[in-house]
Amino acid sequence: MSVWLFNSLLKSHISESVTRPQITSLLSSFHVVQSYFNNILVLERQAANQYFGPLKIVPTFICPQVSNGPLTGSRKRPSEGNYEKEKDVCIQLFDQWSEADQVEFVEHLISHMCHYQHGHINSYLKPMLQRDFITALPAQGLDHIAENILSFLDARSLCSAELVCKEWQRVISEGMLWKKLIERMVRTDPLWKGLSERHQWEKYLFKNRTTEVPPNSYYRSLYPKIIQDIETIEANWRCGRHNLQRIQCRSENSKGVYCLQYDDEKIISGLRDNSIKIWDKQTLECLKILTGHTGSVLCLQYDERVIVTGSSDSTVRVWDVNSGEVLNTLIHHNEAVLHLRFCNGLMVTCSKDRSIAVWDMASPTDISLRRVLVGHRAAVNVVDFDDKYIVSASGDRTIKVWSTSTCEFVRTLNGHKRGIACLQYRDRLVVSGSSDNTIRLWDIECGACLRVLEGHEELVRCIRFDNKRIVSGAYDGKIKVWDLQAALDPRAPASTLCLRTLVEHSGRVFRLQFDEFQIISSSHDDTILIWDFLNVSTNGQTEGRSPSRTYTYISR
């Protein structure tokens, strides 16, 4: 009779009528055994009460090895009466029956037992029901299933699995499970992805077994090195250790870099002198200068096709990102275009004229005005949006939320004491910076202010956040790094929220952008700074400051 079936019968305690004479005889014999066992338990309890006072005795069994032998307890007991003879008769009769008859008999047997006896039998059955499926599957030609099961383990569990036995270690090695673990992390974590690109081990990932790849041992040794790199980067952020690179723009007429955006190859910046400068991110050399605006370039965004810029000349211009050619000029706002965002065929611009314009972008040359949003009582300084909401902030001290699909007003977020200069919106979270020198975190769905961050001494001009950090720049020339998760925890003390203050700019900080490895910021001091937290040299450096490399652009 199979063990798993017996165990299921034990748990269900199903009882059915039985007419077979042999079963009646066996049950009669069983009652003799049960009566003896109950007497032993009573004696145990009496002895325990005598020496230790009333105790709850929980009988235990030593789990036997899986065998065809009798069930044995933790101690040997003397046989009583005709137990051995009756037991042999029971076993002989039991062996003669079919499996269905055996099941039926055991059902009745179990139903006549008490609860603690069920516990003994359950302990006896547990080791019989255990199966090493990781070893058994390859024996059936199902290696891929064993590999797939183990591929869901994290690193600590995978290390433990390697120590179970040689067969488990073979499955992990031949299945390249350390490689698969690293690939999973690269797919889901931007920090891992960035490290794979920068340290060149991405080329060994996402390749099938037919191509030439290193053995599993390579990935096994690579994993702890990656963890060490990540811990070093996190420590650099916390301690402010960085390598600093500086671009001196040296504008002729007016100084200041109002806006920027970057990728791995380039930095595109909008300047107070009406120009757009494109810089090589590796050499820091100026690759191209775009001219056409008749006022300062206050905002910009680019993708793989176009650069879109807004200016104090009240226009929005669309440029070819490769050639620098002007593709379109949008004339709508009556005053300076202070900020813009575009994504998936939709663009939103805002202006000093207190309005917000929503545009449909069919192509760089086919951009049409969909709707104008009016409601702010002062200049609209910043906008952001996703598929659900458009969020705008103004000098009137309010943040307004609008429906992206209908452009209808939804709600107002009130709390800042003075005008709002910057914000970012993602998921349910809005983070805003104001001329009241504070940063506020908001739940966009209910409009509640979740936290107020204090520390800047002047207007907070720019702000960005990711899953870990908030980075802010202000007119006090300082960049502050905040712990986002702590800021969202109402129990976290205010003194623990600011991780580091970075001071290198000599003027107001106008704009910044950051990722897992760096911050790039621009300032009224006419510089662009690259704060690198990955490639940090520790030779003779003080905490928070690093040697800088400067490139000066002299306009001709």
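The values are calculated or read from the model by the stated rules, or taken from the named source; none is laboratory data. As the structure is a computational prediction, the values presented were derived from the model and not from experiment. Glycine gets a Cβ as well: all are built from the backbone with ideal geometry, and neighbour counts include every protein chain shown. In case anyone asks, the SASA skips ligands and DNA or RNA and just uses the protein heavy atoms, side chains included. Shrake-Rupley method; radii C 1.70, N 1.55, O 1.52, S 1.80 Å.
Which one of the conditions (1) open to solvent by 70 Å² or more (accessible area, probe 1.4 Å); (2) hydrophobic (A, V, I, L, M, F, W, C); (3) modelled with pLDDT of 90 or more does residue 105 fail to meet, given that it meets all the rest?
So the condition that residue 105 fails would be (1).
Test of understanding: among 300, 340, which residue is of a type outside the set (Asp, Glu), surrounded by 19 or more Cβ atoms within 10 Å (Cβ to Cβ), at pLDDT 95 or above and closer than 20 Å to residue 255 by Cβ?
The match here is 300.
Just checking, which of 309, 349 is assigned by the TED database to the domain that holds residue 276, farther than 13 Å from residue 270 by Cα and crowded, with 24+ Cβ neighbours inside 10 Å?
It is 349.
Is it the case that segment 422-439 has a residue that's more than 17 Å from residue 472 (Cβ to Cβ), polar (S, T, N, Q) and at pLDDT 95 or above?
No; the residues of segment 422-439 include none that is more than 17 Å from residue 472 (Cβ to Cβ), polar (S, T, N, Q) and at pLDDT 95 or above.
If I ask for residues that are within 20 Å of residue 214 (Cα to Cα) and exposed (fewer than 15 other Cβ atoms within 10 Å of the Cβ), which ones from segment 160-169 would you list?
Once the filter is applied, which keeps residues that are within 20 Å of residue 214 (Cα to Cα) and exposed (fewer than 15 other Cβ atoms within 10 Å of the Cβ), segment 160-169 yields only 169.
Are there any pairs with C-beta distances below 8 angstrom linking a residue in segment 145-172 that is under 21 Å from residue 188 (Cα atoms) and part of a helix (DSSP H, G or I) to a residue that is open to solvent by less than 30 Å² (accessible area, probe 1.4 Å) and among the basic types (Lys, Arg), with the two at least 6 apart or on different chains, and if so which?
Correct list of pairs: empty, since none qualify.
So for segment 357-366 (the condition being surrounded by 15 or more Cβ atoms within 10 Å (Cβ to Cβ) and among the hydroxyl-bearing types (Ser, Thr, Tyr)), does at least one residue qualify?
Checked segment 357-366: no residue is surrounded by 15 or more Cβ atoms within 10 Å (Cβ to Cβ) and among the hydroxyl-bearing types (Ser, Thr, Tyr).
Take the residues of segment 109-139 that are in a loop (DSSP other than H, G, I, E, B) and modelled with pLDDT of 85 or more: which is most open to solvent (accessible area, probe 1.4 Å)?
112
Within the group 397, 377, 371, which residue is open to solvent by 60 Å² or more (accessible area, probe 1.4 Å) and at positive phi?
The conditions single out 397.
Could you identify the single residue in 330, 340 that is of a type in the set (A, V, I, L, M) and touching a residue at least 40 places away in the same chain (Cβ under 8 Å)?
Only one candidate passes the filter, namely 340.
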